[in-house]
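**Student:** The structure's right below; bear with me while I get my questions together.
The values are calculated or read from the model by the stated rules, or taken from the named source; none is laboratory data. Just so we're clear, the structure is a prediction, and the values are computed from it rather than from any experiment. Positions of Cβ are generated from backbone atoms using ideal geometry, with glycine treated the same way; all protein chains shown enter the neighbour counts.
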Amino acid sequence: MNIRPDENQQTYLEMLQKRLDVQAVLILPDSDMLVPFREGAFYIVVVNQLDVDTAIRRMRISKQIIVEQQISTWHLEKGAACGFDERLAAMLGKSEIVWDKDGYMKQMKQRLCRLPESLQKKFICREYSRLLRFCHETKERLQRGVALDAYHSLIQSLHSWARLIVYQAGEPPQTALWSQVKQMDSSVYKLYEELSYNAEALEKRIELLLLAMEFWITSRMKESVRFLIEVMEKKNGPWSLQELMSHPLIQEAEIEIPLLVDKMVQRSLIQEVAYSEGENSDKEICFILLG
């Protein structure tokens, strides 16, 4: 990709370069599906301001339509540390730098290519917990005989599974998620194809995919819940369910705790214990790490 502003857009670019707050300017391909408008050139303007209006603006400059979205360096640094909105990450990844004051965006785009280990563990645990929930929903709905609802839950399961595989590879999910997964785990991609194109009855297709999914869930549990285990290791003593659900790191990661904890008990990663604060207190079922 080698996108460059035309003569009409140079006026706009020169205006930006004169602004002291502008750090970098990027441009997206005209045909990119991430662009909300097909008319005009789409620019991302990186600015050194904390409070920036991120709304998209459409302007006419020198008879040329310009679509502009601003983003602050603070927002970029926060995204690099805590995780980006996936649409924004995809836009930044596909865009080309047309002006970069001191090489900041070149370095930022390199950071976008790989996930830090801390984020990787957090996102893996989140998607694993969602995979569990949607898989459980699929089984329940299949048992109730509502095959289309079961199919809907299974598609959501597959989406979390696909994202989990991408995170395990240390990469952020792209908009073309299944094309990405095809390169990383062809067996999971083929399961998705089987669900979509197999001529067997819908219920049978769901049952077969559930078997493969449940085997994978069981075999990959310990490595997938590493983030939660590390949070639990920070406290000596048992954790109540509410303590886990309300822990800031777990809430921030959007991990779905109840079903995940239940499965971890079944796999002997954690153990249920009866715990009370005082002699006259009711005993609450809490959880401690094993091993």
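**Student:** In segment 150-193, which residues are under 19 Å from Ser224 (Cβ atoms) and free of Cβ contacts under 8 Å to residues at least 12 places away in the same chain?
**Tutor:** Ser187
Per-residue answers, yes or no, for (1) farther than 25 Å from Thr218 by Cα; (2) outside any loop (DSSP other than H, G, I, E, B):
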residue	(1), (2)
Lys235	yes, no
Met245	no, yes
Ile250	no, yes
Pro258	no, yes
Ser268	no, no
Val273	no, yes
Asp282	yes, no
Cys286	no, yes
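**Student:** May I pose another question? Being more than 17 Å from Lys263 (Cα to Cα), loosely packed, with under 13 Cβ neighbours inside 10 Å and not small (Gly, Ala, Ser): is that true of Glu233 here?
**Tutor:** Judged against the criteria, Glu233 is a match.
**Student:** Here are the criteria: (1) modelled with pLDDT under 95; (2) crowded, with 17+ Cβ neighbours inside 10 Å; (3) over 25 Å from Glu223 (Cα atoms). Tell me which single one Pro173 does not satisfy.
**Tutor:** For Pro173, the exception is condition (3).
For (1) under 20 Å from the mean Cα position of the chain (by Cα); (2) in a helix (DSSP H, G or I); (3) under 20 Å from Leu269 (Cβ atoms), each residue gets a yes or a no:
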| site | (1), (2), (3) |
| --- | --- |
| Leu158 | yes, yes, no |
| Glu171 | yes, no, no |
| Ser187 | no, yes, no |
| Leu195 | no, yes, no |
| Glu200 | no, no, no |
| Ala212 | no, yes, no |
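**Student:** Ok, one more. With in the same structural domain as Met15 (by TED's automatic domain parsing), over 22 Å from the mean Cα position of the chain (by Cα) and within 28 Å of Gln180 (Cα to Cα) as the only criterion, which of Glu86, Glu96 stands out?
**Tutor:** Matching residue, one of Glu86, Glu96: Glu96.
**Student:** Now a separate question. Looking only at segment 90-148, count every residue that is surrounded by fewer than 18 Cβ atoms within 10 Å (Cβ to Cβ), part of a helix (DSSP H, G or I) and β-branched (Val, Ile, Thr) and tell me the total.
**Tutor:** 0
**Student:** Just name the residue that is nearest to Met105 (Cα to Cα) out of those in segment 71-84 that are hydrophobic (A, V, I, L, M, F, W, C) and modelled with pLDDT of 85 or more.
**Tutor:** Of segment 71-84, the ones hydrophobic (A, V, I, L, M, F, W, C) are 71, 74, 76, 80-82, 84.
Filter once more, keeping what is modelled with pLDDT of 85 or more: 71, 74, 76.
Values: Ile71: 12, Trp74: 13, Leu76: 10 Å.
Per the stated criteria, the residue is Leu76.
**Student:** Return the pairs, sorted by first residue and then second, in which the second residue is modelled with pLDDT of 85 or more, the first residue lies in segment 58-84 and is on the phi > 0 side of the Ramachandran plot, the beta carbons are less than 6 Å apart, and the residues are 6+ apart or on different chains.
**Tutor:** As it stands, the answer is Gly83/Leu119, since those pairs meet every condition given.
**Student:** Based on this model, can you work out whether Arg226 counts as buried (at least 18 other Cβ atoms within 10 Å of the Cβ), among the charged types (D, E, K, R) and in contact with a helix residue (DSSP H, G or I) (Cβ under 6 Å, 6 or more places away or on another chain)?
**Tutor:** Numbers: buried (at least 18 other Cβ atoms within 10 Å of the Cβ): no; among the charged types (D, E, K, R): yes; in contact with a helix residue (DSSP H, G or I) (Cβ under 6 Å, 6 or more places away or on another chain): yes.
The answer is no for Arg226.
**Student:** Name the one entry in Glu68, Glu14 that is farther than 30 Å from Ser118 by Cα, at pLDDT 85 or above, in contact with a Lys or Arg (Cβ under 7 Å, 6 or more places away or on another chain) and not assigned by TED's automatic domain parsing to the domain that holds Ala176. I'd like the intermediate steps shown before the answer.
**Tutor:** Numbers: Glu14 fails: in contact with a Lys or Arg (Cβ under 7 Å, 6 or more places away or on another chain).
Criteria check complete, one pass: Glu68.
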